[in-house]
Amino acid sequence: MRAKDLPAPVWAAVDAADVVIHAGDWVSVDLLDALEARARRLVGVYGNNDGAALRARLPEVARVELGGVRFAVVHETGAAAGRERRCAREYPDVDVLVFGHSHIPWDSTADTGLRLLNPGSPTDRRRQPTFTWMTAEVVDGGLRAVELHHLKS
């Protein structure tokens with residue numbers, strides 16, 4: 001089941017954030033418009049469930065440097081098996097890769113130091129016990145305080 005709106009705690013996190021990152025599957029242009037209007041800064045990509053209108057406005061891969069940390073955002077990274085090695089090879093010039101698609105939270109680090117983050121989903125938990133999203137801080141050129149937030153319903 002997909003929500004018609006983001007849960008209130010997610011909107012509160014959007015309001016508090018300097019930057020909001022969305023890893024695709026917006027499904028509705030309305031959500032993109034709402035986040036663009038409300039977020040101080042939005043970095044996003046399209047996902048496999050996003051139609052032509054969203055693909056016209058969003059890239060497949062987004063790259064941004066925030067406080068000295070190089071981020072890439074992409075929707076799909078392929079199978080979980082071998083993900084760190086594969087992504088380190090495909091994104092050698094970034095420090096953090098944010099991805100979506102599976103709706104399964106993920107936080108790991110490749111041998112190269114690449115941090116891989118998937119926040120799950122605050123609106124479509126699939127087989128996960130809770131709806132989720134992540135927050136993080138960039139401090140002194142590093143990623144800190146990465147936190148997975150849970151919402152039961």
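A DSSP coil position with no more than 13 other Cβ atoms inside 10 Å describes the following trypsin sites (Lys or Arg not before Pro) in the stretch 38-91: Arg40, Arg41.
For the stretch 49-125, the relative contact order works out to 23 percent when only alpha carbon pairs closer than 8 Å and six or more residues apart are counted. Pairs of Cα atoms in the stretch 58-107 fall into 10 Å distance bins, from 0 up to the last occupied one, in shares of 23, 58, 18, 0 percent.
Computed from point charges on the beta carbon alone (+1 for Lys and Arg, -1 for Asp and Glu), the dipole magnitude for the stretch 32-90 about its Cα centre is near 200 Debye. Compute a Gaussian network model of the chain, connecting alpha carbons closer than 10 Å, and tell me which residue from Pro119, Pro129, Pro105 fluctuates the most. Highest fluctuation of the listed residues: Pro129. Inter-part distance, the stretch 100-131 to the stretch 136-153, computed on C-alpha centroids, equals 13 Å. Roughly what would the spin-label model give for Thr135 and Ala79, points 7 Å off Cα along C-beta, in nm? With each label placed 7 Å out from Cα toward Cβ, I get 3.7 nm.
Simple rule: put +1 on each Lys or Arg Cβ and -1 on each Asp or Glu Cβ in the stretch 1-111, find the dipole, and look at Ala8, Gly68, Trp106; the Cα lying farthest toward the positive end is Trp106. Counting only Cβ charges, +1 for Lys and Arg and -1 for Asp and Glu, the dipole size of the stretch 1-139 around its Cα centre is about 300 debye. Cut-off 17 Å, label point 7 angstrom out along Cα-to-Cβ of Asp5: give me the residues of the stretch 113-128 whose amide nitrogen falls inside. Residues 122-124 qualify, since their backbone N sits under 17 Å from the label point. Look at where the Cα atoms of the stretch 11-33 and of the stretch 34-68 average out, and the two centres are 8 Å apart. Between Val61, Val27, Val138, the Gaussian network model of the chain with springs among Cα atoms under 10 angstrom shows the greatest mean-square fluctuation at Val138. The value of relative contact order for the chain, using C-alpha pairs under 8 Å at least six residues apart, is 18 percent.
Note on the stretch 1-82: the alpha carbon radius of gyration divided by the globular reference 2.2 N^0.38 Å gives 1.13. Among beta bridges from DSSP that stay inside the stretch 8-151, the antiparallel ones total about 65%. For the residues Asp140, Asp25, Asp124, a GNM of the chain with alpha-carbon springs under 10 Å puts the largest fluctuation on Asp140. Taken over the chain, the ratio of Cα radius of gyration to 2.2 N^0.38 Å equals 0.98.
The simple Förster model, with R0 at 35 Å and r as the Cβ-Cβ distance, assigns Arg41 and Ile104 a FRET efficiency of 0.85.
No value in this document is a laboratory result; all are computed from the given coordinates. Predicted, not measured: the structure shown is a model, and the values here were computed from it. Backbone-built Cβ (ideal geometry, glycine too); neighbour counts: all protein chains shown.
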